[in-house]
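Everything below concerns the one structure shown next.
The values are calculated or read from the model by the stated rules, or taken from the named source; none is laboratory data. Everything numeric here is computed off the predicted structure, so don't read it as measured data. Note that each Cβ is placed from the backbone with ideal geometry, even for glycine, and that neighbours are counted across all protein chains shown.
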Amino acid sequence: MSTPVKLGYRIFRFQGAGEALNFPVVLLRGLGRSSGFWLEFSEKLSEHAEVICLDLLGTGLSRSRWGRGSIAAFADDVIHTLNELGYQKVFFVGISMGGMVALDVATRSQLVARLAVLASSSRGNESRRIRPRALAQLLWSLRKGTPSNKELAEFLVSSKTLSQRPELPSVWDQLWRQEGFSTLPVLRQLLAAAVFDGRPALKKLNVPTLFMVSKDDNLVPWRNTVQMWEKAKDCRLVVLEGYGHDFPTEAPDEVISHLVSHFSASP
C-alpha cells in the first residue's frame with residue numbers, strides 16, 4: 001500500500017455573513033478538476049463556515065506524475081491531510097468522483113460529522129455509471145493531452161447555463177493552463193472511479209448523509225445516485241431539475257441552502 005501524502009489545499013475563512021455551522025466544510029471535486037473549479041461556490045459557502053478545498057493527487061495544487069489508482073488510496077490521502085491540518089470533525093461535500101472518495105472517508109474515519117454526496121455513482125446499481133456519448137467524448141478529448149472544456153461543457157452544465165454564462169468553458173480552460181494538466185493521473189482517476197463499488201460503504205454508513213442529484217445530468221445518469229441513496233440507511237435525497245452534472249456551479253445559492261440545512265439539522 002502506498003504512503004498517504006498531504007494534499008494541496010485552499011482554505012476560505014469564515015466570513016460571518018450567515019449563521020455559523022458547527023464544523024468546517026471540506027469540498028472535494030471529481031475527475032481531473034481541482035478546487036479552483038468550485039469558482040464562486042466555495043467563497044459563498046464560507047459565509048456559513050470555514051471551507052477547506054482539497055485537490056486530489058495529480059490535480060491542481062497536488063502535483064504528481066502518477067496520481068492514485070483507487071478510491072481507497074485517494075481517501076487515505078484525504079484522511080492524512082485533514083489529520084495533518086489538525087481537524088477533528090468536519091462536514092464533507094464530494095461531487096462525482098469526489099463523492100466516492102468522501103463516502104470512503106466517512107466510513108473509515110471518525111472525521112466526518114455529516115456527509116453530502118453530489119452527482120456520484122457506484123457499481124452494483126441498475127443504472128449506467130456514465131452516459132456512453134459523454135465517455136466517448138471525454139476519452140476523445142484526452143487525445144491532445146489537456147481536454148477542451150468547449151468539447152465537454154454540454155455534459156457538465158445545462159444548455160441554459162451555457163447560454164447565460166458562455167465564458168464558462170474558457171474559465172475552466174484557463175484553470176488548467178494555470179495549474180497544468182497531467183493526463184496519466186486523470187486516466188488513473190477514471191479507472192478508479194469506474195471500478196468503485198460503494199455498496200460495502202453504503203451498508204455501514206452511520207453518519208447523516210445527504211444525496212443530491214439533478215435529473216438533467218448529461219454525464220452521470222441521475223438514477224445511479226438515487227440507487228446509492230436507496231442502499232443507505234436513514235439518508236436524505238434532494239433531486240433537482242434543470243441543471244447539469246455540475247449544479248453547484250449553476251445554482252450555488254440553491255445548493256448551499258440545501259447543504260446548510262443538512263449540516264445544521266439536529267442529530
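Look at G198 and say whether it is crowded, with 18+ Cβ neighbours inside 10 Å, under 22 Å from V105 (Cβ atoms) and of a type outside the set (D, E). Walk me through how you get there before you give the answer.
Details: crowded, with 18+ Cβ neighbours inside 10 Å: yes; under 22 Å from V105 (Cβ atoms): yes; of a type outside the set (D, E): yes.
Taking the combined requirement at face value, the residue satisfies it.
State yes or no: is V195 more than 21 Å from F92 (Cβ to Cβ), among the β-branched types (V, I, T) and at pLDDT 95 or above? It is true that V195 is more than 21 Å from F92 (Cβ to Cβ), among the β-branched types (V, I, T) and at pLDDT 95 or above.
Within segment 158-195, being under 26 Å from A251 (Cβ atoms), not in a helix (DSSP H, G or I) and not small (G, A, S) holds for R165, P166, E167. Listed by position, the strands (runs of 3 or more DSSP E) enclosed by segment 2-79 that each have at least 1 residues that are surrounded by fewer than 17 Cβ atoms within 10 Å (Cβ to Cβ) are 9-12.
Restricted to segment 105-142, and to residues there that are closer than 18 Å to K233 by Cβ, of a type in the set (S, T, N, Q) and in a loop (DSSP other than H, G, I, E, B), the residue that is nearest to the chain's Cα centre (by Cα) is S120. The number of residues in segment 80-93 being part of a loop (DSSP other than H, G, I, E, B) and among the aromatic types (F, W, Y) comes to 1. Of all residue pairs spaced 6 or more apart or on separate chains, those with beta-carbon atoms under 8 Å, a first member in segment 10-34 that is at positive phi and a second member that is among the aliphatic types (A, V, I, L, M) are G32/V186. Checking each residue in segment 153-195 for being over 19 Å from D55 (Cβ atoms) and crowded, with 17+ Cβ neighbours inside 10 Å picks out A153, E154, F155, V157, S158, T161, L162, L168, P169.
Can you confirm whether F211 is touching a Cys at 6+ places or on another chain (Cβ under 7 Å) and either modelled with pLDDT of 95 or more or closer than 20 Å to R33 by Cβ (or both)? The answer is yes for F211.
Can you tell me which residue within segment 120-175, out of those that are over 30 Å from A201 (Cα atoms) and among the basic types (K, R), is modelled with the lowest pLDDT? Please lay out each step first, then the result.
As a first pass, look at segment 120-175 and keep what is over 30 Å from A201 (Cα atoms): 137, 140-154, 158-175.
Add one more test, that the residue is among the basic types (K, R), and what stays is 143-144, 150, 160, 165.
On the way: R143: 84, K144: 77, K150: 93, K160: 97, R165: 97.
Filtering first and then ranking leaves K144.
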